Amino acid sequence: GAVVLTPLVQEAFFRGVLQDHAKNALSPERAILVSGTAFALLYSLLFYIGNAASMAVTVVFLLPQGYLLGYLYQHHGTIVAPAIAQTIVNLYAFRYLLV
């Protein structure tokens, strides 16, 4: 579920809903910034461990991933591309649990 289903649900929300709505009011590039930043902030809140400094580091590391996923959505016009990319990241992150 975390490897395949979660990326589909997240991409449907962050790209399919949030980025699309932002794109109606902003440029595509700014919509990517909005959805990518929201992705990094919400993800860091979900996995909050430690103090504010560790949360800030988590956001900094997740921002490029959020922006890349937004770019993939914008470029391909479907949530499939960013969902596949996020699935690959999750497979790597959970590789020891899947064996």
Full extension between VAL9 and SER54 adds, at 0.36 nm per residue less the Cα distance, a length in nm of 13.6 nm
Of all the stretches in the chain, which is the longest one without any exposed loop site, taking chymotrypsin sites (Phe, Trp or Tyr not before Pro) in a DSSP loop (any state but H, G, I, E, B) with at most 12 other Cβ atoms within 10 Å? 1-46
Kyte-Doolittle at least -0.5, axis length at least 24 Å by Cα - qualifying DSSP helices, the chain: 28-46, 52-76
Given the -39500 (n - 2.57) contribution per DSSP H run of 4+ residues, what per-residue ellipticity at 222 nm results for the chain, rounded to the nearest 500 deg cm²/dmol? -23000 deg cm²/dmol
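Values quoted throughout were computed directly from the atomic coordinates according to the rules given, and no laboratory measurement underlies them. In this text, all values refer to a predicted model and were calculated from it rather than measured experimentally. Don't worry about glycine lacking a Cβ; one is built from the backbone with ideal geometry, like all the others, and counts go over all protein chains shown.
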